[in-house]
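A short write-up of the structure that comes next.
Taken together, the values in this text are just the output of simple stated rules run on the coordinates, not laboratory data. Computed from a predicted structure; not experimentally measured. With ideal geometry, Cβ positions are generated from the backbone for all residues, glycine too; neighbour counts draw on all protein chains shown.
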Amino acid sequence: MPLDVDGLAILKAILAAPDAFPDIGGEADRAARMLVIRQLKAKTFPLSGLRRVYEVLGHEVFTLVVDDLTEAETRNFVVRFDPRHPDGRTAPPHWLRRQIVALAGGAEPHAGGEVARTPRLSLPAAAPAVRAIGSPAFTARWDGKDHDPRPRKGKRKAGD
């Protein structure tokens with residue numbers, strides 16, 4: 001039975017002696033940023049958790065992590081942590097990033113109004129399907145005559 005490795009212990013060891021790991025500096029940066037973003041994306045992560053991460057990382061580092069988010073991710077965070085804000089669904093990305101940092105820094109979510117919902121676009125009504133029974137070929141009537149072209153007379157092969 002293989003033993004599980006304590007990832008946090010390894011990360012602490014790397015942080016304690018970065019000179020022993022000189023070639024992984026860039027990868028460590030990306031991994032740390034990815035871990036923070038993954039924690040923020042957790043469905044059950046509350047606003048108090050966001051504030052705790054902000055407190056642990058500090059303003060500058062937290063802002064740099066938030067600057068690395070995509071527009072969709074920032075919009076999802078604002079909608080999740082401040083659902084009643086009227087600009088949460090329509091604001092530009094730079095405003096959304098500032099709002100996340102402000103909420104993490106202690107600003108209270110917008111209290112007034114209802115939860116902003118984007119109206120769902122209704123799909124256009126589909127055209128009725130054309131059924132084979134209703135097509136012209138099935139509605140034709142037999143007039144007693146054969147309208148197919150006559151077979152061509154051609155040379156026959158010697159084997160026929």
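Observations
- Under 18 Å from the Cα of Lys12 - aspartates and glutamates, other chains or at least 8 residues apart: Asp4, Asp23, Glu27, Asp29
- The stretch 1-92 - Kirkwood radius from inverse mean 1/r over Cα pairs (Å): 15.4
- Given +1 at the Cβ of Lys and Arg, -1 at the Cβ of Asp and Glu and no other charges, the dipole of the stretch 36-86 around its Cα centre is 360 debye to the nearest 20.
- Rounded to the nearest 0.05, the FRET efficiency derived from the C-beta distance between Glu108 and Ala16 at R0 = 45 Å is 0.70.
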